[in-house]
1. About its Cα centre, how strong a charge dipole does the chain have in debye, to the nearest 20, once Lys and Arg get +1 and Asp and Glu get -1 at the Cβ?
2. Using a 1.4 Å probe, what is the accessible area per residue for the chain, in Å²?
3. Taking the Cβ of GLN90 as the centre, find all other residues whose Cβ is under 13 Å away and add up their charges (Lys, Arg: +1; Asp, Glu: -1).
4. For the chain, what is the calculated [θ] at 222 nm in deg cm²/dmol (nearest 500), taking -39500 (n - 2.57) for each run of four or more DSSP H residues and dividing by its residue count?
5. Show ASP55, ASP81 ordered by accessible area, largest first, where the area counts protein heavy atoms only and the probe is 1.4 Å.
6. What is the helix-to-structure angle for 88-109, meaning the angle in degrees between its Cα long axis and the longest Cα principal axis of the chain, kept from 0 to 90 and rounded to the nearest 10?
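The values are calculated or read from the model by the stated rules, or taken from the named source; none is laboratory data. On a predicted model such as this, the values are computed, not experimentally measured, just so you know. Methodologically, a virtual Cβ is constructed for each residue, glycine included, from the backbone with ideal geometry; neighbour enumeration extends over all protein chains shown. Surface accessibility is based on the protein's heavy atoms, side chains included, excluding ligands, DNA and RNA. Shrake-Rupley method; radii C 1.70, N 1.55, O 1.52, S 1.80 Å.
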Amino acid sequence: MAARAVRGMSAPPEVVFSTATDPARASAWLPEPLRGDGSPAAEISGEELRARWADGDDWSAEIRVEPADSGGARIQLDLADGSGGSGPDQLADEALANLVREVADNLQAG
């Protein structure tokens, strides 16, 4: 099943994207099957602020970060759960909530 979650943030798009694609931080927000071994996303397009992670044919996640009003960011996460499990919408929402926390931690640390 596939799900999409969208959320706005007051952080700059570049900060959101760099936090999302940092292998050390990705494991804190991506769903368990996509956390991997700390290696970077399978596909990253820094120009488009887009990244994709995949675990074979079962799971995949794609994130897009776009500029929003007042210097903030709009985050869109498309999550595909090939396992047939229930609740991909909730899982996508939880993943974005975890990413928001990681971005906030990243901003406080630096």
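1. For this selection, approximately 280 debye.
2. Using a 1.4 Å probe on heavy atoms only, each residue of the chain averages 53 Å².
3. Here the charged neighbours net out to -3.
4. -11000 deg cm²/dmol
5. ASP55, ASP81
6. Approximately 30 degrees, to the nearest ten.
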